[in-house]
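Novice: Dropping the structure in here first, questions after.
The values are calculated or read from the model by the stated rules, or taken from the named source; none is laboratory data. Only a predicted model underlies this, so the values are computations on that prediction, with no experimental measurement involved. When the accessible area is computed, the model is the full protein with side chains, heavy atoms only, and any ligands, DNA or RNA have been set aside. Shrake-Rupley method; radii C 1.70, N 1.55, O 1.52, S 1.80 Å.
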Amino acid sequence: NEQIQEHAAVALRNLSVTPDSKVKIVEEGAVPSLVALLRSADLRLQEQAAVIFRNLSINAENKIAIVEADAVPSILALLRAPQAPAALEGDPEYEGQLATFKQMLKVQ
């Protein structure tokens with residue numbers, strides 16, 4: 001169920017902001033499941049996964065795990081998506097998070 005997946009992803013996104021949780025999330029093997037969310041047809045799930053990866057990538061060791069899990073091509077594919085769904089267009093939270101993620105990629 002995509003709604004349950006979205007709620008779980010939001011919870012994981014909230015956890016992914018603390019330094020200890022960043023490490024624990026990766027240690028517990030969440031990266032492959034997050035990569036699967038990046039490849040979901042549901043753009044809200046893709047967004048949640050992208051934000052989680054942004055948060056996790058602040059830790060240097062996590063960056064290695066993210067690259068090894070082949071997440072980067074899926075993240076880049078999101079940035080090249082031809083259109084955003086009408087339900088998300090104009091949503092301030094969506095637009096803000098997307099802009100932040102794009103800026104983060106430019107900085108790194």
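Novice: Within segment 23-57, how many residues turn out to be of a type in the set (Lys, Arg) and within 14 Å of Gln3 (Cα to Cα)?
Specialist: 1
Novice: Please go through segment 68-94 and pick out each residue that is open to solvent by less than 90 Å² (accessible area, probe 1.4 Å), in a helix (DSSP H, G or I), at pLDDT 75 or above and not polar (S, T, N, Q).
Specialist: Just the residues of segment 68-94 that are open to solvent by less than 90 Å² (accessible area, probe 1.4 Å), to begin with: 69-79, 81, 84-88, 90-91, 94.
Retained after the next criterion (residues that are in a helix (DSSP H, G or I)): 72-79, 94.
After this cut, where a residue has to be at pLDDT 75 or above as well, the list is 72-79.
Val72, Pro73, Ile75, Leu76, Ala77, Leu78, Leu79, listed by residue number.
Novice: Take segment 1-53 and flag every residue that is within 13 Å of Ile66 (Cα to Cα) and among the basic types (Lys, Arg).
Specialist: Answer for segment 1-53, where residues must be within 13 Å of Ile66 (Cα to Cα) and among the basic types (Lys, Arg): just Lys22.
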